[in-house]
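The values are calculated or read from the model by the stated rules, or taken from the named source; none is laboratory data. Remember, it's a predicted structure, so these values are computed and weren't measured experimentally. FYI the Cβ positions are ideal-geometry reconstructions off the backbone, even for glycines, and counts take in every protein chain you see.
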Amino acid sequence: MSHASDVLLFPDAGPLITLAYANALDLLLKPGWTLAMVDMVLLEVTRNQTPTSDTIKRWIDHRRVSIRRTRICEQHLNDLKRSAQPSKSNLGELASQEIMNDLALLRPPQPCVFLFEDHKIARASFLLPDHCTKVSMRAFLIYLEEQGWIDSAVRIERQAINVGRTFSSLRFPPA
């Protein structure tokens, strides 16, 4: 029998940005799952000055969120050092895929939840090992509401939208 803390939650960039806009990053901790950041995703949301970059970085530092290192990010950083023209396309998703594949090799494999907001991820031929589940930001908020951990999923969405976030209209899994 597994416990909630056995589940690894790792968010893509979109959910981090949305929750930072809504001043609600702590919602990632509500289910009691182990939260981890993929290094490339962290780099994507903090490398440029944005309305949420400092908030996300401070929150991750304050919460001492573990950072999962990937070969994808290491290669990207090496390319930058060599002044090579590094690819920027889908690197966070590729690094997340790397983490999921690594978790699949563990015995037993560690269950994980990949939290996303991007339409491309929902539709992509994203290899999802049996032990992993991809969940949209909206579905995650609805889950938190159903568990009684937040009053309203819609309120969190509106908080983010009211301060400038363009929130995905994607519903995944479909209702």
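Does Leu8 satisfy being under 14 Å from the mean Cα position of the chain (by Cα) and either farther than 22 Å from Asn101 by Cβ or at pLDDT 95 or above (or both)?
No; evaluated as a whole, the condition is false for this residue.
The residues of segment 108-140 that are of a type in the set (A, V, I, L, M, F, W, C) and modelled with pLDDT under 80, listed by number, are Ile121, Ala122, Ala124, Phe126, Leu127, Leu128. Within segment 28-38, the only residue that satisfies the criterion of being surrounded by fewer than 20 Cβ atoms within 10 Å (Cβ to Cβ) and part of a helix (DSSP H, G or I) is Leu29. When Asp79, Asp54 are checked against the criterion of being at pLDDT below 95, over 16 Å from the mean Cα position of the chain (by Cα) and more than 30 Å from Asp130 (Cα to Cα), a single residue qualifies: Asp79. I'm trying to understand the selection: among the residues of segment 49-96, which are over 24 Å from Tyr21 (Cβ atoms) and assigned to a helix (DSSP H, G or I)? Those that are over 24 Å from Tyr21 (Cβ atoms) and assigned to a helix (DSSP H, G or I): Arg71, Ile72, Cys73, Glu74, Gln75, His76, Leu77, Asn78, Asp79, Leu80, Lys81, Leu94.
Set side by side, the residues Arg47, Arg64 differ, and just one is more than 15 Å from the chain's Cα centre (by Cα), free of Cβ contacts under 8 Å to residues at least 24 places away in the same chain and closer than 28 Å to His3 by Cα, which is Arg64.
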